[in-house]
2 protein chains.
Amino acid sequence: MHELLITQMSYLIRLSEEEKEWIRQVFAIKTYEKGEYFLREGQVCREAGFIVEGMVRYVLTRDDGEELTVDFNKEMEYTCNYASFLDKSPSETAIQCIEPTTIIVISYDDLQEIYARFAEGQKFGRLICEFLYVQAIKKVQSLYTNEPEKRYLQFMDVYSTLVPRLPQYYISSYVGVKPPSLSRIRKRLAK
Amino acid sequence: MHELLITQMSYLIRLSEEEKEWIRQVFAIKTYEKGEYFLREGQVCREAGFIVEGMVRYVLTRDDGEELTVDFNKEMEYTCNYASFLDKSPSETAIQCIEPTTIIVISYDDLQEIYARFAEGQKFGRLICEFLYVQAIKKVQSLYTNEPEKRYLQFMDVYSTLVPRLPQYYISSYVGVKPPSLSRIRKRLAK
DNA sequence: GCCATTCGTTAACCTGGGTTAATAAATCTA
DNA sequence: TAGATTTATTAACCCAGGTTAACGAATGGC
């Protein structure tokens, strides 16, 4: 299980044998039922996770109580509310498992150990963050420039493998419209 | 001029005297007229900059040719198309100086030198990226949850010092609506 | 397999932003 | 200062998405 993470990390940095062993020691395995929360809104995110199996969604609750699904992560991806994790602020988004999910997690302090003690620890932190940043900025650009219809098409393209695992209303939320509107979009596109 | 940057960097990491001296050597001073481009769309962003004086806007051009202003940076802030800079990809946004602007710049390679040779170089890169990431994710959240009216109010709040330096249509673009719509919003709020 | 629940679509009506164009105000420029 | 240009507002009309509610379809639990 930890080997999947070590493989993933090895794409980014070199790991010594001791470092690999440390990873095996320090990451804890957690399992969640469908519907359970990896992180609740308002909590400080004190752990970063690597999803071994399953899927999570990021849930943003509006002032009026409506829940929006703004992102997904699946197996072989990291999951964390990084903003909350970094500055120990209350999380604005919840992270909910939408399938039975297994996540291996590391605490904030242990991750700082990786940053500090691994030969390329800081670099690992930087590369992860750079990846997340580029992803976030592309999303901003898409929200600025693309109509819902185009964002829907892009979603179906980029997340095609996820689609069969997702209800329609998570997708409509991600795209930024309500379910009836997504239905209309799908109807328009059907022609 | 470089001392401003050194001050700024010192908020994030410790700098030795040699490191400070290296910064003075390697950052080059560039000046721009109002309207000139720090970076054009399609170019690879090969330099990161620190704005000593003036202001820039980030310009995203839609498929239909319309220019959107999606962000601003002013004096004492960094400017860079980080996504392009990181992976040497063609920039999707231009960076235009909207006032007479002075920027001190560092090349990609020299910045890698900082990452590699400064005692806390990797940490500096990580912290900058973390800051940018948190900013980007907050923007995504705002685009998802806030109506244009609310985003306008937030802009007026957060960027209040910038407002007198900006034309209305940059603000409307940033908020995500067209000028007539921003006029309507302002009219509604006037009551 | 049956019932209850959840989910996706559709219809009718509403609303707020887009579009276009005209006008007024502010800014530049010579 | 006058004239040209740019910028901001307004009006009229259009349209896509929101809202609400109804109705099937799919799903889940027992």
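The values are calculated or read from the model by the stated rules, or taken from the named source; none is laboratory data. It should be emphasised that the depicted structure is a prediction, and the values quoted were computed from it without experimental measurement. Glycine gets a Cβ as well: all are built from the backbone with ideal geometry, and neighbour counts include every protein chain shown. Surface areas here come from the heavy atoms of the whole protein model, side chains and all, with no ligands, DNA or RNA. Shrake-Rupley method; radii C 1.70, N 1.55, O 1.52, S 1.80 Å.
Residues that are closer than 28 Å to A:E113 by Cα and not β-branched (V, I, T) within the stretch A:58-83 comprise A:Y58, A:F72, A:N73, A:K74, A:E75, A:M76, A:E77, A:Y78, A:C80, A:N81, A:Y82, A:A83, listed in sequence order. Once the stretch A:143-161 is narrowed to residues that are within 18 Å of the chain's Cα centre (by Cα) and of a type in the set (F, W, Y), the residue that is most open to solvent (accessible area, probe 1.4 Å) is A:Y159. Tallying residues that are without any contact (Cβ under 8 Å) to a residue 12 or more places away in the chain, within 18 Å of A:D64 (Cα to Cα) and of a type in the set (D, E, K, R) within the stretch B:134-150 yields 2.
Only one residue in B:I95, B:I185, B:I103, B:I114 is more than 9 Å from chain A (Cβ to nearest Cβ), open to solvent by less than 20 Å² (accessible area, probe 1.4 Å) and within 16 Å of DNA strand C (Cβ to nearest atom). Which one?
Working: B:I95 fails: within 16 Å of DNA strand C (Cβ to nearest atom); B:I103 fails: within 16 Å of DNA strand C (Cβ to nearest atom); B:I114 fails: within 16 Å of DNA strand C (Cβ to nearest atom).
Being more than 9 Å from chain A (Cβ to nearest Cβ), open to solvent by less than 20 Å² (accessible area, probe 1.4 Å) and within 16 Å of DNA strand C (Cβ to nearest atom) holds for just one of B:I95, B:I185, B:I103, B:I114, which is B:I185.
In this structure, does A:A136 turn out to be farther than 26 Å from A:Y11 by Cβ, away from DNA strand C (no atom under 14 Å from the Cβ) and either in contact with a helix residue (DSSP H, G or I) (Cβ under 6 Å, 6 or more places away or on another chain) or more than 9 Å from chain B (Cβ to nearest Cβ) (or both)? Taking the combined requirement at face value, the residue does not satisfy it.
Could you check, for the stretch A:54-62, whether at least one of its residues is within 27 Å of A:I6 (Cβ to Cβ) and open to solvent by 50 Å² or more (accessible area, probe 1.4 Å)?
No, there is no match, as no residue in the stretch A:54-62 is within 27 Å of A:I6 (Cβ to Cβ) and open to solvent by 50 Å² or more (accessible area, probe 1.4 Å).
Please verify whether the stretch B:151-164 includes one or more residues that are within 12 Å of DNA strand C (Cβ to nearest atom) and closer than 22 Å to A:S173 by Cα. There is at least one residue in the stretch B:151-164 that is within 12 Å of DNA strand C (Cβ to nearest atom) and closer than 22 Å to A:S173 by Cα.
Right, B:C129: hydrophobic (A, V, I, L, M, F, W, C), at the interface with chain A (Cβ under 8 Å from one of its Cβ atoms) and buried (at least 18 other Cβ atoms within 10 Å of the Cβ) or not? So that I can check it myself, show each step before the final result.
Numbers: hydrophobic (A, V, I, L, M, F, W, C): yes; at the interface with chain A (Cβ under 8 Å from one of its Cβ atoms): yes; buried (at least 18 other Cβ atoms within 10 Å of the Cβ): yes.
Yes, satisfied.
Here are some residues: B:I29, B:I13. Which one is among the aliphatic types (A, V, I, L, M) and over 30 Å from B:P167 (Cβ atoms)? The unique qualifying residue is B:I13.
Listed here are the residues, each with its yes/no results for (1) among the basic types (K, R); (2) within 14 Å of the chain's Cα centre (by Cα); (3) closer than 19 Å to A:Q122 by Cβ.
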{"site": "B:E75", "(1), (2), (3)": "no, yes, no"}
{"site": "B:A94", "(1), (2), (3)": "no, yes, no"}
{"site": "B:I98", "(1), (2), (3)": "no, yes, no"}
{"site": "B:T102", "(1), (2), (3)": "no, yes, no"}
{"site": "B:A116", "(1), (2), (3)": "no, no, yes"}
{"site": "B:G121", "(1), (2), (3)": "no, no, yes"}
{"site": "B:E130", "(1), (2), (3)": "no, no, yes"}
{"site": "B:Q141", "(1), (2), (3)": "no, no, no"}
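So, of the residues in the stretch A:172-181 that are part of a helix (DSSP H, G or I) and without any contact (Cβ under 8 Å) to a residue 40 or more places away in the chain, which turns out to be farthest from DNA strand C (Cβ to nearest atom)?
A:V175
Here A:N146 fulfils each of the conditions (1) within 15 Å of DNA strand D (Cβ to nearest atom); (2) of a type in the set (S, T, N, Q); (3) closer than 30 Å to A:I13 by Cβ apart from (3). Which residue is farthest from A:Y58 (Cα to Cα), if the candidates are limited to the stretch A:162-177 and must be exposed (fewer than 13 other Cβ atoms within 10 Å of the Cβ) and within 10 Å of DNA strand D (Cβ to nearest atom)? For the stretch A:162-177, the residue satisfying everything is A:P164. Inspect the stretch A:71-78 for any residue being touching a Cys at 6+ places or on another chain (Cβ under 8 Å), within 11 Å of chain B (Cβ to nearest Cβ) and not β-branched (V, I, T) and give the result as yes or no. Checking the stretch A:71-78: not a single residue is touching a Cys at 6+ places or on another chain (Cβ under 8 Å), within 11 Å of chain B (Cβ to nearest Cβ) and not β-branched (V, I, T). Candidates are the residues of the stretch B:35-70 that are closer than 25 Å to B:Y152 by Cα and basic (K, R); the one that is farthest from the other protein chains (Cβ to nearest Cβ) is B:R57.
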